[in-house]
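Let me begin by presenting the structure, written as structure tokens, before commenting on it.
The values are calculated or read from the model by the stated rules, or taken from the named source; none is laboratory data. Values in this document were obtained by computation on a predicted structure and should not be read as measured data. Please note: Cβ atoms are built from the backbone with ideal geometry, for glycine as well, and neighbour counts cover all protein chains shown. We work out accessible area using only protein heavy atoms, side chains counted, and drop any ligands, DNA or RNA first. Shrake-Rupley method; radii C 1.70, N 1.55, O 1.52, S 1.80 Å.
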Amino acid sequence: IKRSIMRRRFALILSLVFMWQGFGQIIKDLDWVSPMHEGMAAVKKGNMWGFIDKDGIMKIEPREDLATSKTSFSGVSEDSEMEYPIFVEGRCLIEQTFEGIRYFGFIDKQGKTVVEPGYINATNFRNGFAIVTQYSKQVLGKNNLLGKDVVNYLAEELIIDAKGEVVTSLMNSRTFVPNKVKDSPPDMHAYFIGEGLVAVKGDDGQWSIYKFDE
């Protein structure tokens, strides 16, 4: 009996040794790790984010330009909403700041920029399309007393495809003040409600529904 017990103990020790050998540390010293989305998980290191794939390989090294999205997260203790970078339909938002204003674009799963940061707000992709907000400057005239141009800034939403090509303008141009969005992006005045359907907010605060060609 004693020999049988000893043999079982020895077998258990061997199995634990083999299990430990097969349990190798891949990446360490991360501040946070998100769940997998489309085979990619966001990892945080300091103030930077990167991505690992389903095999735990760092596919996109931590960088400063990955933008976060509010995402439902099932954590250790309870479900909550958190913000972290996420791939949706093979695209992840990035951002760059110019003169205090944040501009958004997209990268693919190889970390290549497919849409240059040039929009002051952007949604994640849905059914192959994203809504972005662009702004433009119009010179209305000249202030001769001050020696400066009189300008007007306008913002409007566009629909783009996965390559960044503009599919259509939503024709909801409105006055825009750049200084008021230096802390956060302006409100989006459009959102998808279904395939090929988008709701657009007008100047009067009322919403209209449009169908666009996909």
Original post:
What GluC sites (Glu not before Pro) does the stretch 84-191 have in DSSP loop regions with at most 10 other beta carbons within 10 Å?
Top reply: Glu99, Glu165
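Any chance you could list the semi-axes, whole Å, largest first, of the equivalent ellipsoid that the Cα gyration tensor gives for the stretch 133-214, using √(5λ)?
On the way: eigenvalues 177, 38, 30 Å².
Equivalent-ellipsoid dimensions as semi-axes: 30, 14, 12 Å.
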Subject >> Order by protection proxy (mean Cβ within 10 Å, highest first), peptides 199-205, 107-113 >> reply: 107-113, 199-205
**OP:** Using a 1.4 angstrom probe on the protein heavy atoms only, line up Trp207, Trp32, Trp49 by accessible area, largest first.
**Re:** Trp207, Trp32, Trp49
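Take peptides 53-64, 35-46 and line them up by average Cβ neighbours within 10 Å, highest first, as a rough protection proxy.
35-46, 53-64
Quick check for you: with a 1.4 Å probe and neighbouring chains kept, what is the accessible area per residue of the stretch 106-214, in Å²?
Result: 60 Å² of accessible area for each residue.
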**OP:** Output the peptides 167-176, 120-129 sorted from most to least packed, where packing is the average of other Cβ atoms within 10 Å over each peptide's residues.
**Re:** 120-129, 167-176
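Ignoring any ligand, DNA or RNA, what whole percent of the accessible area of the stretch 79-214 comes from carbon and sulfur when the probe is 1.4 angstrom?
Ligands and nucleic acids excluded, carbon and sulfur reach 46 percent.
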**OP:** For Val167, list long-range residues whose amide hydrogen, built 1.01 Å from N in the peptide plane, is under 5 Å from its own amide hydrogen.
**Re:** Ile159, Ile160, Asp161
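Quick one: ranking Phe98, Phe87 by accessible area, 1.4 Å probe, largest first, what do you get? Don't skip to the end; give the middle numbers.
Values: Phe98 100, Phe87 5 Å².
Putting Phe98, Phe87 in descending order of accessible area: Phe98, Phe87.
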